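To keep things clear, I will list the structure first and then write my remarks on it.
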Amino acid sequence: MEKILYFSSDRRQIHCVTPERTYTFYGKLDQVAAQAGEGFVRIHQRYLVRAGAVERVESGQVTLRGGACLPVSRSCQAAALLALTRAELEG
């Protein structure tokens, strides 16, 4: 799980993104979130990021190591910021 940067959802396809490649499988992001555990944070209806991969959080988006920028939805913003802050303090 340390190599995973984030999961994204597009209809029923889940994309697991690592620095080297992207893996695609069928499923639901809610199920992935339940299996991935506390190291992953839901930042959007379509995105689940590994807290340790987040480099910066600013103005409604997160920047991951490697340069990928993902949106943070308003509905997830408070919980995501709290979870990412907690992960940073514990790590």
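The values are calculated or read from the model by the stated rules, or taken from the named source; none is laboratory data. The structure presented is a predicted model; accordingly, all values stated were derived computationally and were not measured. Here Cβ is always computed from backbone atoms with ideal geometry, including for glycine, and neighbour counts include all displayed protein chains. The protein model used for the area step is the full one, side chains on, heavy atoms only, and it has no ligands, DNA or RNA in it. Shrake-Rupley method; radii C 1.70, N 1.55, O 1.52, S 1.80 Å.
Worth a mention:
Residues checked against (1) modelled with pLDDT under 95; (2) assigned to a strand (DSSP E or B); (3) under 10 Å from the mean Cα position of the chain (by Cα):
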site: 31; (1), (2), (3): no, no, no
site: 34; (1), (2), (3): no, no, no
site: 43; (1), (2), (3): no, yes, yes
site: 49; (1), (2), (3): no, yes, yes
site: 52; (1), (2), (3): yes, no, yes
site: 56; (1), (2), (3): yes, yes, no
site: 62; (1), (2), (3): no, yes, yes
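- Long-range neighbours under 7 Å by Cβ, at least six apart or interchain, first residue within 15 Å of residue 85 (Cβ to Cβ) and of a type in the set (Gly, Ala, Ser) within the stretch 31-49, second assigned to a loop (DSSP other than H, G, I, E, B) and open to solvent by 20 Å² or more (accessible area, probe 1.4 Å): 39/1
- Residue that is nearest to residue 52 (Cα to Cα) [pool: residues in the stretch 68-83 that are open to solvent by less than 50 Å² (accessible area, probe 1.4 Å) and small (Gly, Ala, Ser)]: 83
- Residue 47 open to solvent by less than 80 Å² (accessible area, probe 1.4 Å) and out of contact with any Lys or Arg (no Cβ under 9 Å at 6 or more places or on another chain): yes
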